[in-house]
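Nothing in this text is a laboratory measurement; each read-out follows from the coordinates by a stated rule. This structure is a prediction, so every number in the text was calculated from the model and none was measured. Using ideal geometry, Cβ is built from the backbone for each residue, glycine included, and neighbour counts are taken over all protein chains shown.
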Amino acid sequence: LYAWAAACRGTLTQRLREVMGEESGNYAATMLLGCRDLLPRDDRDAFAQLGVAHLLSVSGFHVGGLAGVLDALWRRLKRTRWQRFLLNAVALVAYSFITGFNAPVVRATVMFLLWQLGTLNLKQRSGLHIISATWIAMLAFAPAQLMNPGFQMSFGAMLGLTLITPWMQSLLKPRGRLLSRVWQ
C-alpha cells in the first residue's frame, strides 16, 4: 500500500515539475505532497533558520483547505448532505493516502469526517468528543504514535483550541453577520 502511495506521489510530483518547471515543481510537491527530500539541504536549513520550516510540511491546514473547497463545490453542484460526506470522505482519504498517511493529515481527515458525520445525524457536535474519538482511532491503528512528540503536540494544540475558543468568543460580541462570522 505504501509503495503504491509513493508511486502516486512520484507521478504527481513529475506532473507538477512538467507544469511548473523543476524547481517550482519540487517546492509544490514538498508543500502539497510532503516530498521534503526534493529540496536542497541548504534550502531546508534556511527555512528552519527563519523559523518557517512548517511551511514545507503537509498538515491539517491542507486538509481544512481541501475540505472547504470541496464542500463548497459539492454544495454548488447541489449534492445532498450524504453525498457531500461520501465525496469528501473519498477525496480526503485519497489525499491521506497520497501523502503517505502523514499523521497530521490523517488526524485532520478523521476529525473533519467525524464533525461532518455529526451534522448528518443532526447531533450536537462536541469538539472534545471528536478529538477523543480521533485520538482513540489513530492509536488503535498505530499505538506507537503515543510516544511521538508531534502526535502529542498536535492533539495538545487541538485540545487547547477547543477549550479556549468558547472563552475567546465570549470576549467580544461583534455586530453584524459578517463580523460575527469572521470572529467565529
- Query: Based on DSSP H runs of at least 4 residues, each adding -39500 (n - 2.57), what is the mean residue ellipticity at 222 nm of the chain after dividing by all its residues, to the nearest 500 deg cm²/dmol?
  - Reply: -25000 deg cm²/dmol
- Degrees separating the helix 149-171 axis from the principal Cα axis of the chain, which is the longest one: 40
- Between A89 and I164, what FRET efficiency follows from the Cβ-Cβ distance if R0 is 35 Å, with the result rounded to 0.05? 0.75
- Note: R177 to L139 extended length (0.36 nm per residue) minus current alpha-carbon separation gives 9.7 nm
- Put a dot 7 Å past each Cα toward the Cβ at R75 and H54; how far apart are the dots in nm? 2.7
- Item | Nearest-20 debye value, the stretch 12-60 charge dipole, Cβ charges on Lys, Arg, Asp, Glu | 160
- Ranked output for segments 102-112, 17-27, 169-179 by mean other Cβ atoms within 10 Å, highest leading, reads 102-112, 17-27, 169-179
- Message: Under a Cβ-only charge scheme (Lys and Arg +1, Asp and Glu -1), can you give me the dipole magnitude of the stretch 8-144 about the Cα centre, in debye to the nearest 20?
- Response: 900
- Task: Find how many whole Å separate the alpha carbon centroid of the stretch 51-95 from the alpha carbon centroid of the stretch 148-177.
- Result: 21
- Message: Run the numbers for Q152 and R44: contour at 0.36 nm per residue of separation, minus the present Cα-Cα distance, in nm.
- Response: 36.5 nm
- Nitroxide proxy distance, nm - points 7 Å out along Cα→Cβ at Q14 and L120: 3.6
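Expected output is a single nm value to one decimal: the length gained when fully extending between A7 and S132, i.e. 0.36 nm times separation in residues minus the C-alpha distance. What is it?
Between A7 and S132, full extension yields 41.7 nm more.
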